[in-house]
Each structure stands twice: as structure tokens, then as C-alpha cells.
């Protein structure tokens, strides 16, 4: 969905990928550095950057510091840059985690022989989340919002 926005070209692709990995890996289903559902992360990140947490933080301080240290080492060895270099791309990327998830099949898959299509392709569909009927409206909503920092 990042490619739907023209603002993506102003970001380094490697930084976008690393920022997405940062949010997913730090999320509640992985490391738990951000103990909130992904849909709340845009609001939380807007209030306080997880890259530079304060003493009185909304995050679990120990978990966040540990995660940031681990992710910093990962970035250095795999991407060749530091965690602070994500400061520009992270606020941009995290806003996409606010899109409502949907597990409905695309209209083409619902047309004929739905039972056979679901049986053969539903697991693969869920693995890739190829269709989200909210995506276009969500991108339009983001375009109308004030620009991130």
C-alpha cells in the first residue's frame, strides 16, 4: 500500500523497508516493545517517538530499550545504517498501520464457484493480504491530512 502514495518517492526504499520491519518486529505479536494493537501505533508514535523515549514513556521502557538495541545491531549488519536514520521514514510508515484490516475476498473471487475458490486459495489470500477494500479510501484520507514531520 506504500506504493499507492506519491510521497513514498521522497523516502529511501531501504529506510521504508527497515521502518516497516521495525514496527512489525516491535509490535505486540513479536517482541512486544509496543504493547498496543498496530492500529493505535500511529497515534502513539505521533505523541512520542520510540527511537528516543523519555523517562516517562508510554512504552515498556526496558522492552523498548532492549528492542532498540537488538534492532540497531540488525540494521547495522544487514542494512548498513543506524536506527536514528529511520527518524524521517518511521512516522510516514507507521501511519499505514492504521488501515482497517479486512479478510473479505476480492469481488472477482466472490463471483462464481465461491466454495471452490475459498477452499483452494483462502489460506494463500490470508498470507499475503492481497486485497483490502479500505486501501484506496485510506490513502485518500492520508493525502488530506497535514504532512508528517
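Only the coordinates and a few stated rules stand behind these numbers; no lab work does. Please read these numbers as outputs of a predicted model, since none were measured by experiment. Virtual Cβ from ideal backbone geometry, glycine too; neighbours counted across all protein chains shown.
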>> On a full-extension model of 0.36 nm per residue, what is the gain between residue 61 and residue 141, subtracting their alpha-carbon distance, rounded to one decimal in nm?
In response: 25.5 nm
> At residue 70 and residue 43, where each label point lies 7 Å from the Cα along Cα→Cβ, what is the point-to-point distance in nanometres?
Replying inline: 2.7
> Going out from 0 in 10 Å bins, what whole percent of all Cα-Cα distances in segment 11-99 drops into each bin?
Replying inline: 18, 57, 25, 0
> Highest mean first, what order results for 71-84, 20-33 on Cβ atoms within 10 Å?
Replying inline: 20-33, 71-84
